[in-house]
Structures are given as C-alpha cells and as structure tokens.
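We did not get these values from a lab; they are worked out from the coordinates using the rules stated. What you are looking at is a predicted structure, and each value in this text was computed from that prediction instead of being measured. Virtual Cβ from ideal backbone geometry, glycine too; neighbours counted across all protein chains shown.
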Amino acid sequence: MGCFNSKDSVPGKSAKLRLPSPWKAHDPITYSELQKLRNEFWDTAPHYGGDQVIWDALKSASEVDIQSAAVILDAAEIIVASSDMSLCYDQKGRKYELPVHVLSDPRNVIHDESVANSN
C-alpha cells in the first residue's frame, strides 16, 4: 500500500505515495485475525467523525497497489499528511487516522494453514 512523506507535504497538497515501513505485531497474528481487526476498524471508524465517502475511499486505497491508491486518493481529494498514510485530511480539514494494521501486513503474520497444521 502506498504512503506519503510528511516533510514533503504542503497544506492542501499530498506528497508522493510509497510503501509503508515494515512493522511487527506485538504477538504473532494469523491472516484471519488480522482481517478481523481490519474489518472492526473499518466498521467503527466512521462513528468517530469524518465523511463516509472519505472513509470508503481510504479503505479502497489501503487495499490496492500504490498507483491505484494514488488515483483513488486524488479522486476523493484526500490530503495524505504522513509517509505511511496513517494521517489524512479531507478538503474540509477533517482528520482521518489509520492504524498500521489496515495499511500493511506485519512481518510476523502467521499463515492460517500453519496454525491448522500445528493442531
């Protein structure tokens, strides 16, 4: 998933997208557990403010390649303020914060088949 660089950002203008930095979950997590966390976030995020259309665009952008994400963000007029897309703004100045687990997979993700085979 793509990202922006905050030191290059100008108010009202987004920086260039780039891949998020690798991260490690506190405890190893399976893909299905990760997807459950992502679903919970996207289901509840709009209740904390902002526009549903922007949340939908951010979700779509987080699930595609960098070039497609840039097109989605540009079309929705979303200003990406952080290099990992974790901080965004809409044109009305409303803030949207995305946790790292919706932007990329952790380095220590466990394939669900590995868990099933160990039982």
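Sequence-ordered 3J(HN,Hα) estimates for region 38-45 from the Karplus curve with 6.51, -1.76 and 1.60 and θ = phi - 60° stand at 5, 4, 4, 4, 5, 6, 9, 3 Hz, glycine and proline given as x.
Using the Cβ of PRO20 as centre and a radius below 12 Å, the other residues enclosed give a net charge of 0, where K and R count +1 and D and E count -1. Give a quick list of trypsin sites (Lys or Arg not before Pro) in region 37-119 that DSSP marks as loop, anything other than H, G, I, E or B, with at most 15 other Cβ atoms within 10 Å. Counting only loop positions with at most 15 other Cβ atoms within 10 Å, the trypsin sites (Lys or Arg not before Pro) in region 37-119 are LYS92, ARG94, ARG107. Taking a Cβ cut-off of under 10 Å around ASP90, the surrounding Lys, Arg, Asp and Glu residues balance to a net charge of +1, with basic ones at +1 and acidic ones at -1.
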